[in-house]
1. I need the full set of residues from segment 89-125 which are closer than 20 Å to residue 261 by Cα and either in a strand (DSSP E or B) or within 11 Å of ligand 2 (Cβ to nearest atom) (or both), in order please.
2. Specify which of the listed residues (128, 187) is within 16 Å of ligand 2 (Cβ to nearest atom) and either part of a loop (DSSP other than H, G, I, E, B) or surrounded by 15 or more Cβ atoms within 10 Å (Cβ to Cβ) (or both).
3. Give the residue, chosen from 249, 229, 233, that is surrounded by fewer than 23 Cβ atoms within 10 Å (Cβ to Cβ) and more than 22 Å from residue 116 (Cβ to Cβ).
4. Give me the residue from segment 93-132 that is farther than 19 Å from residue 197 by Cβ and among the β-branched types (Val, Ile, Thr) and, out of that set, nearest to ligand 1 (Cβ to nearest atom).
5. Which residue pairs have Cβ atoms under 6 Å apart, sit 6 or more places apart or on different chains, and have a first residue in segment 223-246 that is under 17 Å from residue 168 (Cα atoms) and aliphatic (A, V, I, L, M) and a second that is away from ligand 3 (no atom under 15 Å from the Cβ) and in a loop (DSSP other than H, G, I, E, B)?
6. Which condition breaks for residue 26 when tested against (1) closer than 17 Å to residue 175 by Cβ; (2) touching a Cys at 6+ places or on another chain (Cβ under 7 Å); (3) not polar (S, T, N, Q)?
7. Just checking, how many residues over segment 164-197 are within 16 Å of ligand 3 (Cβ to nearest atom) and under 14 Å from the mean Cα position of the chain (by Cα)?
8. Please give the number of the condition residue 250 fails out of (1) touching a His at 6+ places or on another chain (Cβ under 6 Å); (2) within 16 Å of ligand 1 (Cβ to nearest atom); (3) more than 22 Å from residue 284 (Cα to Cα).
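Values quoted throughout were computed directly from the atomic coordinates according to the rules given, and no laboratory measurement underlies them. What you see is a predicted model, and the numbers here were worked out from it, not measured in a lab. Cβ coordinates were reconstructed from backbone atoms using ideal geometry, including for glycine residues, and neighbour counts include every protein chain displayed.
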Amino acid sequence: MKNCWCGSGLPYSECHEPIEVKLAHLRAQGERVPDKSLIKNKAQIEGIRLAGKINSMVLDRVEQEIHVGMTTQEIDDIVDAYTRELGGIPAPLNYEGFPKSVCTSVNNVICHGFPSDKVVLKEGDIVNVDCTTIVNGYFGDASRMFCMGKVKPNAEKLVRVTKEAVEIAVSNLKPYCHLGDIGYYVNQHAKKNGFSVVRDIGGHGCGLAMHEEPYVCHIGQLGKGLLLVPGMVFTIEPMINEGSGRFMVDGGDCWQVYTTDGKLSAQVEHMVLITEEGYEILSA
Ligand code: MF3
Ligand code: CO
Ligand code: CO
């Protein structure tokens, strides 16, 4: 009996064989199917589930401590210390030159904002905190929006609509749905509310590395694109702008991303697993 190529130690017939047989049929029917390397085994799913859980505990801690008057550097300090206390490693630190342990993106910063002792959170700000944690070699990735004190109605609406867009996309996931469905639901909801989705920065497969295939675009067509099958883990993390969906990357640091019109941007990120029955949120 041949053991599975994935290293699970199980016979191939009890591990990846059934799904690979099914995918071969679907491919023959003209579907775009994921590479088998994107289908996680049981042990990997357990490892990723734990990384997702610990990552969420770090975000819970940020949620408890974030307040008007604090600097984004203080958020970085909390994330770095608490992640390590929980036995994890903050994945952003030194990742392709990223200088901090977490991304903090305030107001017109779309994503990848650098925590700084010069950025003081003030009443009315909207802030995205994006944590990625490595635990035993597995990756958890999620982000939340925080409203600082009382925010203007347009900001409140943008944050609410962004959360809703992710919830709608997640709740429509099912095994053998399509990657395009995610972008369809997110973009529909954003457009309906007068907002724009950033097209060229998106979600990603996740779990064994921070960023894996496939690229998850938040603008898409129902029923189009890659098939999403049990065992796949990926993020849904739309960046939704108050104004145009255009963005610019800081030329100096090559990381921080801003709206071109200076208007607000919001983002919410969940990491999800496709199961035989439906889906599981690994960033709950
Ligand atoms: N957490 C981000 C994501 O959702 C990635 C951060 S890039 C880093 O994909 F360099 F800041 F880590
Ligand atoms: Co993230
Ligand atoms: Co991500």
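1. 104, 105, 106, 109, 110, 111, 112
2. Exactly one residue qualifies, and that residue is 128.
3. Just a single option satisfies the conditions, and that option is 229.
4. 132
5. Short answer, once both residue conditions are applied: 240/195.
6. (2) is the only condition that residue 26 fails.
7. Total meeting the criteria: 7.
8. So residue 250 meets the others, but not (1).
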